[in-house]
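First comes the structure, then the notes that go with it.
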Amino acid sequence: MDFLRPASWEEALAAKAEHPTAVPIAGGTDVMVEINFDHRRPEYLLDLNRIGDLEEWEVGAESVRLGASVPYTKIMENLRGELPGLALASHTVASPQIRNRGGVGGNLGTASPAGDAHPALLAAGAEVEVESVRGSRLIPIDEFYTGVKRNALAADELIRAVRIKKADGPQQYSKVGTRNAMVIAVCAFGLALHPETRTVRTGIGSAAPTPVRAKVAEEFLNAALEEGGFWDNGKIITPSVAKQFADLCAGACNPIDDVRGTASYRRHAVGVMARRTLTWTWESYRGTAARTEGVA
Amino acid sequence: MRVSFTVNGRPQEADDVWEGESLLYVLRERLGLPGSKNACEQGECGSCTVRLDGVPVCSCLVAAGQVEGREVVTVEGLADFAKQRAERGGCASGACGTSLQDAQGWAAQGQDSQTGEGAELSPVQQAFIDAGAVQCGFCTPGLLVAADEMLERNPNPSDADIREALSGNLCRCTGYETIMDAVRLAAARQGEVV
């Protein structure tokens, strides 16, 4: 095994181009487990810790450009306002020690269906900024996950950053596990209200071969909210609408039975989380809407 | 490969390090510092917790090559680390930190293994002994490093803060209650000093 230690992003891209089999390591919270357990013996480890740019973020007008190695701890501390869904998801990642090292770039690189960040990214709307010596490109988050632990990266590409849309409304995140800390999701659900476009977006984790959106459920809910004038009148969501939304979210799952839970449990739990996160976000939206009206 | 880094305030070198080796392995097997414990090797238990550039991490999940040029504090250096922090003296003399020899020979028993009397202990270590928070002791080093770091950041932690800060450290003996007592005790004593 060789240990490559590029001092800059350009050097890292050159190293990845020269050694496409090199495994990038940043926080190490996935890669080192595989090495410790002898599940993986990569020819090259490509250490990204020396590249300070990867640990920085920029808050723009529309989106946050989040460096691939920004640890979850920093997201929780600094980006709760801009990225509330991702901040909530970050809080559910493992333990303080792991959150101090792990970041969204690693979640995307591993592309496990159980990665905690994915449902929040899907719900908020995001693009993955990847780069190689050939150039840079933005991959829409919906096209990023291509299979179980597979993603749309080419062999010579590295993840530079994620561009996540700044929240324009309430966001929520929910995760089912056996305890609060140190848990791989049995399943997880992210939901974001986007009042500017009058849409709702979702993300489901650990309940299909890849993280997925519940698109049929989103379409149903968008139409129902529009039809009922909910965005304007700020009424509570009709229980039948919430139930139908929950059922459609459960229907968007394609889960398996495994040690963490059964497929039917996952489907059920996703439905419950969908209904709850919708209620929480909508109550929050109504509160804001009512206040705005009051002022006006 | 060779890895040069700072351990407990002193520069150290480890040779013949395998590229896939963890920081934990380097500390235990190459530098002779077995205080950081090797248990789950997957970041679940926190027994191997050390400070890396001040931040608590699982040393089993840090590749050895990643610590080149960086600073690590292990449980063996915790007493000196805490002392220097309390004195806020920086390190003008250049003789701060804990030498490898001292760290290798570090033991909590001092003259009295029950009370720790006579040994150089950090406040959090003394609190663990006083509160009876140590049973088999395997999780203790990781808990000490994590608890000490939390008290540095948050001198007046609520119980929820303590539980959150220690949520990455498993203990199978104590049921955590005496550990909670120990951290509360350390926080209270810290408050008295200030």
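Values quoted throughout were computed directly from the atomic coordinates according to the rules given, and no laboratory measurement underlies them. Keep in mind that this is a model prediction, so the values were computed, not measured. Virtual Cβ from ideal backbone geometry, glycine too; neighbours counted across all protein chains shown.
Filter the cross-link list A:Lys166/A:Lys235; A:Lys165/A:Lys215; A:Lys16/A:Lys175; A:Lys16/A:Lys149; A:Lys166/A:Lys215; A:Lys74/A:Lys165 down to pairs whose alpha-carbon distance in this structure exceeds 28 Å.
Details: A:Lys166/A:Lys235 25 Å; A:Lys165/A:Lys215 18 Å; A:Lys16/A:Lys175 35 Å; A:Lys16/A:Lys149 20 Å; A:Lys166/A:Lys215 21 Å; A:Lys74/A:Lys165 18 Å.
Going by Cα-Cα distance, A:Lys16/A:Lys175 fall outside the 28 Å limit.
Relative contact order of region A:2-165: what whole-number percent is it, with Cα pairs under 8 angstrom and at least 6 residues apart?
Numbers: 312 pairs, mean separation 41.6, N = 164.
Result for region A:2-165 is 25 percent.
Equivalent ellipsoid semi-axes for region B:1-110, as square roots of 5 times the alpha carbon gyration tensor eigenvalues: give them largest first, rounded to whole Å.
Numbers: eigenvalues 97, 49, 34 Å².
They are 22, 16, 13 Å, listed largest first.
Give me the percent relative contact order of chain A, please, defined on Cα pairs under 8 angstrom at least 6 residues apart. Write down the numbers at each step before the final one.
Numbers: 642 pairs, mean separation 46.2, N = 296.
Answer for chain A is 16 percent.
If every alpha-carbon in region B:107-193 counts as one equal scatterer, what log10 I(q)/I(0) does Debye give at q = 0.22, 0.23, 0.25 1/Å?
Debye intensities relative to I(0), on a log10 scale: -1.06, -1.15, -1.33.
Quick check for me: using +1 on Lys/Arg Cβ and -1 on Asp/Glu Cβ, what's the dipole size of chain A about its Cα centre, in debye to the nearest 20? Present the calculation step by step, with values, prior to reporting the outcome.
Numbers: 33 positive and 36 negative charges, 196 e Å.
Approximately 940 debye in magnitude.
For the protein assembly as shown, what is the percent of antiparallel DSSP beta bridges, rounded to the nearest 5?
Numbers: 50 of 58 bridges.
Here the antiparallel bridges make up roughly 85 percent for the protein assembly as shown.
For chain B, what mean projected area does the convex hull of the alpha carbons give, in nm²? Mind dumping the intermediate values first?
Values: hull surface 41.8 nm².
About 10.4 nm², averaged over all directions.
Rounded to the nearest 5, what is the percent of antiparallel bridges among the DSSP beta bridges in region A:1-109?
Within region A:1-109, antiparallel bridges account for around 40 percent of the total.
Note down the magnitude of the dipole of region A:23-142 about its Cα centre, charges +1 on Lys and Arg C-beta and -1 on Asp and Glu C-beta and zero elsewhere, to the nearest 20 debye.
Numbers: 10 positive and 17 negative charges, 41 e Å.
It works out to roughly 200 debye.
Among A:Ala274, A:Ser8, A:Ala185, whose Cα lies farthest out toward the positive end of the dipole of the protein assembly as shown, if unit charges sit on the beta carbon of Lys, Arg (+1) and Asp, Glu (-1)?
A:Ala274
Taking every residue in A:6-14, how many Cβ atoms of other protein chains lie within 10 Å of its Cβ, on average? Could the numbers behind the result be given before it?
On the way: counts 0, 0, 0, 0, 0, 0, 0, 0, 0.
Mean shielding by partner chains, rounded to a whole number: 0.
Mind listing the phi-derived Karplus ³J(HN,Hα) values for region B:153-170, rounded to whole Hz, using 6.51, -1.76 and 1.60 with θ = phi - 60°, and x for any glycine or proline?
Couplings: 7, 9, x, 10, x, 7, 4, 5, 4, 5, 4, 5, 5, 9, 5, x, 10, 8 Hz.
Which values, in whole Å and largest first, are the semi-axes of the equivalent ellipsoid of the protein assembly as shown obtained as the square root of 5 times each eigenvalue of the Cα gyration tensor? Intermediate results must be reported in sequence, preceding the final value.
Details: eigenvalues 356, 153, 80 Å².
Three semi-axes, in Å: 42, 28, 20.
Using only the alpha carbon atoms of region A:95-191, find the Kirkwood hydrodynamic radius as the inverse mean reciprocal pair distance, in angstroms to one decimal. Don't skip to the end; give the middle numbers.
Working: mean 1/r = 0.0696 Å⁻¹.
About 14.4 Å, per the Kirkwood formula over Cα pairs.
When only Cα pairs under 8 Å and 6 or more residues apart are kept, what is the percent relative contact order across chain B?
Numbers: 331 pairs, mean separation 42.2, N = 194.
In percent, rounded to a whole number, it is 22.
Rg/Rh for region A:180-295: what does it come to with C-alpha atoms and Rh from Kirkwood? Don't skip to the end; give the middle numbers.
Details: Rg = 15.1 Å, Rh = 14.8 Å.
On the Cα set of region A:180-295, Rg over Rh gives 1.03.
Give the separation of the Cα centroids, region A:26-67 to region A:192-242, in Å.
33
Treating only the Cα positions of region A:2-165 as identical point scatterers, give the base-10 log of I(q)/I(0) from the Debye formula at each q in 0.20 Å⁻¹.
Once normalised to I(0) and log-transformed, intensities are -1.43.
Specify the residue with the greatest mean-square fluctuation among B:Thr49, B:Thr178, B:Thr74, computed from a Gaussian network of chain B linking alpha-carbon atoms under 10 Å apart.
B:Thr178
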